[in-house]
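Here the structure comes first, spelled out in structure tokens, and everything after it is commentary.
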Amino acid sequence: MDSNLDTCTNLIGKAKNIVVLTGAGISTESGIKDFRSKTGIYQMAPEYILSLDYFYQHPAEFNQFAMEHLYHPDAIPNKGHEILAKWEKQGKVRHIITQNIDGLHQKAGSKNVIEFHGTIKTASCLHCGKIYPTEEMVSRMQTMEDFYICNYCKSKREKEHYIKPDVVLYGDAGEWFSVDGFNTIIQLIEQADCIVVLGTSLKVTPFSVFPQYRRRGAP
Ligand SMILES: [Zn+2]
């Protein structure tokens with residue numbers, strides 16, 4: 001057997017409190033494109049399209065892009081998601097911290113999941129916070145010209161009433177981007193006896209710094 005694989009098997013076998021960090025690579029077998037590989041999202045669109053600046057300049061195009069390329073309501077979890085859910089039930093995996101917005105960890109049965117970059121399941125008005133299921137956004141897009149403008153709130157100020165998918169963009173801050181959010185995550189990492197990183201090249205900060213907080217000697 002491959003000696004790296006042996007090493008991983010042993011480490012995971014012994015661990016009792018694993019924190020798993022995941023990225024797009026764990027979902028590609030479920031038919032969801034990753035970002036940086038040869039067949040990834042960035043081959044068809046520049047990274048800039050996933051920025052808050054782009055969203056404000058082109059809210060309709062951004063929403064359309066998100067619904068066409070990031071929203072996969074029919075995707076099903078693969079073996080990778082399933083085994084992590086099983087390990088959580090067995091008490092081996094304590095928490096998953098994911099950059100993925102696809103919800104597949106939860107679909108596989110994992111309960112302790114931090115969606116660090118948000119979720120594509122919903123979108124929210126930036127002014128009143130009204131939540132729109134993405135399913136509803138898809139039908140709005142098909143039937144309304146200004147589908148990305150909230151019709152619940154009274155904000156007449158331009159750009160405030162845009163509806164944005166609940167995903168964290170470049171230049172954006174999500175629900176975990178706070179002192180409390182970071183402390184919660186760092187605590188989980190510090191308490192873990194093993195950190196497993198799956199399907200991510202750890203290129204995007206601040207997610208990429210999390211492994212540095214593991215306690216001394218934790219593999
Ligand atoms: Zn609103």
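Tabulated values for the structure
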| quantity | calculated |
| --- | --- |
| Selection status of D166, in contact with a Ser or Thr (Cβ under 8 Å, 6 or more places away or on another chain) and away from the ligand (no atom under 16 Å from the Cβ) | no |
| Hits in the range 113-123 (condition: open to solvent by 20 Å² or more (accessible area, probe 1.4 Å) and either within 16 Å of the ligand (Cβ to nearest atom) or over 26 Å from A85 (Cα atoms) (or both)) | T122 |
| Filtered residues of the range 121-170 (kept if over 25 Å from F35 (Cα atoms) and polar (S, T, N, Q)) | S139, Q142, T143, N151, S155 |
| Candidate set from the range 103-112 (those that are open to solvent by 60 Å² or more (accessible area, probe 1.4 Å) and in a helix (DSSP H, G or I)); member that is nearest to the ligand (Cβ to nearest atom) | Q106 |
| Selected residue [under 18 Å from E29 (Cα atoms) and either within 16 Å of the ligand (Cβ to nearest atom) or buried (at least 19 other Cβ atoms within 10 Å of the Cβ) (or both)] from L84, L70 | L84 |
| S37, sole failed condition from (1) within 16 Å of the chain's Cα centre (by Cα); (2) under 23 Å from V209 (Cβ atoms) | (1) |
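Residues checked against (1) aliphatic (A, V, I, L, M); (2) surrounded by 20 or more Cβ atoms within 10 Å (Cβ to Cβ); (3) more than 16 Å from F55 (Cβ to Cβ):
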position: E135; (1), (2), (3): no, no, yes
position: T143; (1), (2), (3): no, no, yes
position: Y152; (1), (2), (3): no, no, yes
position: K159; (1), (2), (3): no, no, no
position: I185; (1), (2), (3): yes, yes, yes
position: G199; (1), (2), (3): no, no, yes
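The values are calculated or read from the model by the stated rules, or taken from the named source; none is laboratory data. From a predicted model like this one, the values you see are computed outputs, not experimental measurements. With ideal geometry, Cβ positions are generated from the backbone for all residues, glycine too; neighbour counts draw on all protein chains shown. Areas reflect the complete protein model, heavy atoms only, side chains present, ligands, DNA and RNA absent. Shrake-Rupley method; radii C 1.70, N 1.55, O 1.52, S 1.80 Å.
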